[in-house]
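A quick write-up on the structure given underneath.
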């Protein structure tokens, strides 16, 4: 864990309020530890407010507005930051407390409802693995919540294809949350790993084995997120850093001149989604804030945060998943801000 030993002088400079398509590198000054902590605290406030508002108005446990903030808040609390514990506990219970609550969240199908005739009705609702991974970050779960995670695992097994993969509907994708079949598979595998221990049904362990084999055999891609997920899965499974070093080196080589990382879109500049993801997985692999590349990534996030605690983003997709510009930017903003909070909290735990 990195603490205060990386202190450096700082005078907060101006930075673009959102990623742009410009090419010129920006000069970003180093952030003081106190300013990093303040960035995390602002992010916590934003995530709690934004997630609560979405759940109250949309009544949907979307990947970006429920699981991702819950995960970020859980990790921030474990790093010493103050969060609204009641919000975290109540929201987790409202989504995972029972099978009925899972169905009410609109991410778990109700057997009493007529079958979904659309092609995506055959697939797995990706809100389920996101919610399961987020719940795994919680230090304690109730018995009802644990049972819900088992239901999610069984649904994952039920929707698995014979080759070990899960259907991916390219026309319905929502990058970067659902960027590709391989990034989706990584999330599903992480969710299934939590419920495929020695005492789990053989069907779950077999499904997990097939899924890992499918992902290992999948054609390598140049997606930034695929590299991130490879390191994330390796770190979570306890692989030594040496086993992940090639991918780590590829991620480090992708760092931009401004200190951030960008999604795999050539004309996009650095953003909080890619930068937060990268910092978080590198921290899991043992990198600390003393490392120059990590310090520069932290500086980028501190300088680019908006006053409300979020990190403004631009869209990568329209509602049908094709490239374009969506008018609703709160989903990508909330997801990116969650990743940024995850990365910063891990690398800069709250000091006494």
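What to note about this one:
- So residue 332, is it surrounded by fewer than 24 Cβ atoms within 10 Å (Cβ to Cβ) and touching a helix residue (DSSP H, G or I) at 6+ places or on another chain (Cβ under 9 Å): no
- Residue check for residue 177: within 16 Å of the chain's Cα centre (by Cα) and surrounded by 20 or more Cβ atoms within 10 Å (Cβ to Cβ): yes
- Test: residue in the range 66-77 that is over 15 Å from the mean Cα position of the chain (by Cα) and on the phi < 0 side of the Ramachandran plot: yes
- Residue 163 vs. criteria surrounded by fewer than 19 Cβ atoms within 10 Å (Cβ to Cβ), in contact with a helix residue (DSSP H, G or I) (Cβ under 8 Å, 6 or more places away or on another chain), modelled with pLDDT of 95 or more and assigned to a loop (DSSP other than H, G, I, E, B): yes
- Yes/no for residue 31 being surrounded by 15 or more Cβ atoms within 10 Å (Cβ to Cβ) and either modelled with pLDDT under 90 or under 20 Å from the mean Cα position of the chain (by Cα) (or both): no
- Number of the condition not met by residue 238 [criteria: (1) without any contact (Cβ under 8 Å) to a residue 24 or more places away in the chain; (2) at negative phi]: (2)
- Criterion (out of contact with any strand residue (DSSP E or B) (no Cβ under 7 Å at 6 or more places or on another chain), free of Cβ contacts under 8 Å to residues at least 60 places away in the same chain and surrounded by 17 or more Cβ atoms within 10 Å (Cβ to Cβ)) met by exactly one of 70, 102: 102
- Residue 230 meets all of the listed conditions (1) under 26 Å from residue 48 (Cβ atoms); (2) buried (at least 21 other Cβ atoms within 10 Å of the Cβ); (3) within 17 Å of the chain's Cα centre (by Cα) but one, namely (1).
- Any chance residue 222 is at pLDDT below 95 and either in a loop (DSSP other than H, G, I, E, B) or surrounded by fewer than 21 Cβ atoms within 10 Å (Cβ to Cβ) (or both): yes
- Selection within the range 182-197 - in contact (Cβ under 8 Å) with a residue 60 or more places away in the chain and not in a helix (DSSP H, G or I): 194, 195
- Breaking point among (1) closer than 24 Å to residue 236 by Cα; (2) part of a loop (DSSP other than H, G, I, E, B), for residue 149: (2)
Conditions tested, residue by residue: (1) crowded, with 24+ Cβ neighbours inside 10 Å; (2) assigned to a loop (DSSP other than H, G, I, E, B); (3) touching a residue at least 24 places away in the same chain (Cβ under 8 Å); (4) touching a helix residue (DSSP H, G or I) at 6+ places or on another chain (Cβ under 6 Å).
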position: 262; (1), (2), (3), (4): no, yes, yes, yes
position: 268; (1), (2), (3), (4): no, yes, yes, no
position: 275; (1), (2), (3), (4): yes, no, yes, yes
position: 278; (1), (2), (3), (4): yes, no, yes, yes
position: 281; (1), (2), (3), (4): yes, no, yes, yes
position: 301; (1), (2), (3), (4): yes, no, yes, yes
position: 328; (1), (2), (3), (4): no, yes, no, no
position: 338; (1), (2), (3), (4): yes, no, yes, yes
position: 345; (1), (2), (3), (4): yes, no, yes, yes
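- The set of residues in the range 225-259 being part of a helix (DSSP H, G or I) and over 30 Å from residue 27 (Cα atoms) consists of 230, 233, 234, 235, 236, 241, 242, 243, 244.
- With respect to (1) outside any loop (DSSP other than H, G, I, E, B); (2) surrounded by fewer than 15 Cβ atoms within 10 Å (Cβ to Cβ); (3) modelled with pLDDT of 95 or more, the lone exception for residue 171 is condition (3).
The values are calculated or read from the model by the stated rules, or taken from the named source; none is laboratory data. Predicted model, so just to flag it, every value in this text is computed and none were measured. Neighbour counts are summed over all protein chains in view; Cβ atoms, including those assigned to glycine, are modelled from backbone coordinates with ideal geometry.
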